[in-house]
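Undergrad: First, the structure itself, so that you have it in front of you.
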Amino acid sequence: MATLGIDIGGTNLSLGLVENGKIIQEIHTPSFRPEMTLDETLDYLAAQIEKVFRAGTEKIGIGVPSVVDVKQGIVYDTQNIPSWTVVPLKERLEKRFGVPVAVNNDANCFAMGVYGTYPADAKPESLVVVTLGTGVGMGIVLDGQLFCGANCGAGELGCLPYKDGILEDYCGKKFFTSAGWDSRDAATKAKEGDPDALLLFDEFGQHLGALVCTVMYAYDPTHIVLAGGIANNYPFFRQAMEEYIRESFPYGKAVERLTLDICTDDNIPVLGASLI
């Protein structure tokens, strides 16, 4: 039996039919145009689903970059989709396709996708996945179950005050743009050994170390995984980040026991959505 996983982004929609933890069919298509009405977006989404939906599909899981009423499957104020202020997504799609539909925040879906990559005999007891992109997202999996909080907002540590702003300002792409760099250009220059780019990533690593320490204080996880586009640059900020954690976190044994890793698999958002 198959499950359909969907990742809804402001730029692209990704859909994948998943069997036994593997994507057997997938499509990637442009996301909704800004001028689309709510009904037009839902019709467009349904048309994409019909391209991969087949008899025997057990359920549909959807990740969205917004606040979600997980029980009711209602989406609120989705970033980059103007018409999605209040969307009864679960109800509308269940009526159309006749299978159960689960909806959750995209960072939570990503976390479930990462959790699914671990072998059955080595699943993390407590996993926090931090996505590093335009912003900072976070998903928490405890004993195999998502911890979403009362309003699907658990893990929004990037919004905590930090220096002259919030943590997200220093741990996402904004950090690079504020310094006059594009994050991709900085990575290219760092690969070439440019000292300014390498110094920039050292500073970024220190800020990310502060975020990791905050995660440890808040959740005391067994595993932290860094994901998202910036995680591809791990070699350039790893040393500075780890040094900050060792020097700043007061509980050395917790640091010693922590498993800190990265995940850069592009299929994770869809795989995670299929698991919610």
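The values are calculated or read from the model by the stated rules, or taken from the named source; none is laboratory data. The model shown is predicted, which means the values in this text are computed figures rather than measured ones. Reconstructed Cβ throughout: ideal geometry from the backbone, glycine too, with neighbour counts over all protein chains shown. The area values use the complete protein model at the heavy-atom level, side chains included, leaving out ligands, DNA and RNA. Shrake-Rupley method; radii C 1.70, N 1.55, O 1.52, S 1.80 Å.
Undergrad: Does the stretch 123-140 include one or more residues that are without any contact (Cβ under 8 Å) to a residue 40 or more places away in the chain, over 25 Å from D77 (Cα atoms) and either touching a Ser or Thr at 6+ places or on another chain (Cβ under 7 Å) or among the basic types (K, R) (or both)?
TA: Within the stretch 123-140, one or more residues are without any contact (Cβ under 8 Å) to a residue 40 or more places away in the chain, over 25 Å from D77 (Cα atoms) and either touching a Ser or Thr at 6+ places or on another chain (Cβ under 7 Å) or among the basic types (K, R) (or both).
Undergrad: Please verify whether the stretch 250-272 includes one or more residues that are free of Cβ contacts under 8 Å to residues at least 60 places away in the same chain, under 29 Å from G9 (Cα atoms) and of a type in the set (A, V, I, L, M).
TA: yes
Undergrad: Restricting attention to the stretch 58-68, which residues are surrounded by fewer than 19 Cβ atoms within 10 Å (Cβ to Cβ) and at pLDDT 95 or above?
TA: Within the stretch 58-68, E58, K59 meet the criteria.
Undergrad: Also, I was wondering about something else. Here are D196, D261, D169: which of them is open to solvent by less than 70 Å² (accessible area, probe 1.4 Å) and charged (D, E, K, R)?
TA: D169
Undergrad: Considering the stretch 189-242 alone, what residues qualify as being at positive phi and either charged (D, E, K, R) or part of a helix (DSSP H, G or I) (or both)?
TA: Of everything in the stretch 189-242, just one residue is at positive phi and either charged (D, E, K, R) or part of a helix (DSSP H, G or I) (or both), namely D220.
Undergrad: Quick check, is F201 of a type in the set (F, W, Y) and open to solvent by less than 30 Å² (accessible area, probe 1.4 Å)?
TA: yes
Undergrad: May I ask you to list the residues in the stretch 113-147 that are in contact with a strand residue (DSSP E or B) (Cβ under 8 Å, 6 or more places away or on another chain), open to solvent by less than 20 Å² (accessible area, probe 1.4 Å) and either of a type in the set (V, I, T) or within 17 Å of V68 (Cβ to Cβ) (or both)?
TA: Correct list: V114, V128, V129, V130, V136, G137, M138, G139, I140, V141.
Undergrad: Restricting to the stretch 92-107, give me the number of residues that are part of a helix (DSSP H, G or I) and either open to solvent by 70 Å² or more (accessible area, probe 1.4 Å) or modelled with pLDDT of 95 or more (or both).
TA: 6
Undergrad: Could you check, for the stretch 181-189, whether at least one of its residues is basic (K, R), surrounded by 17 or more Cβ atoms within 10 Å (Cβ to Cβ) and within 20 Å of the chain's Cα centre (by Cα)?
TA: No: zero hits.
Undergrad: Kindly check whether there is at least one residue in the stretch 26-35 that is among the hydrophobic types (A, V, I, L, M, F, W, C), surrounded by 13 or more Cβ atoms within 10 Å (Cβ to Cβ) and either more than 11 Å from L4 (Cα to Cα) or more than 21 Å from the chain's Cα centre (by Cα) (or both).
TA: Yes - at least one qualifying residue is present in the stretch 26-35.
Undergrad: Residues being acidic (D, E), assigned to a strand (DSSP E or B) and out of contact with any Cys (no Cβ under 9 Å at 6 or more places or on another chain): count how many of those fall in the stretch 58-91.
TA: Count: 1.
Undergrad: Another one. When both residues are 6+ apart or on different chains and their Cβ atoms are under 8 Å apart, which pairs have a first residue that lies in the stretch 21-35 and is over 22 Å from G56 (Cα atoms), and a second that is charged (D, E, K, R)?
TA: Listed by first residue and then by second, the contacts come to F32/E40.
Undergrad: Give the residues of the stretch 1-45 that are touching a Leu at 6+ places or on another chain (Cβ under 9 Å) and outside any strand (DSSP E or B), sorted by residue number.
TA: Answer for the stretch 1-45, where residues must be touching a Leu at 6+ places or on another chain (Cβ under 9 Å) and outside any strand (DSSP E or B): G21, S31, F32, L42, Y44, L45.
Undergrad: Taking only the stretch 10-22 into account, find how many residues are surrounded by fewer than 17 Cβ atoms within 10 Å (Cβ to Cβ) and under 26 Å from G135 (Cβ atoms).
TA: Of the residues in that region, 3 qualify.
Undergrad: Got a number for residues in the stretch 71-91 being in contact with a strand residue (DSSP E or B) (Cβ under 6 Å, 6 or more places away or on another chain), over 13 Å from I8 (Cα atoms) and crowded, with 16+ Cβ neighbours inside 10 Å?
TA: Of the residues in the stretch 71-91, 4 are in contact with a strand residue (DSSP E or B) (Cβ under 6 Å, 6 or more places away or on another chain), over 13 Å from I8 (Cα atoms) and crowded, with 16+ Cβ neighbours inside 10 Å.
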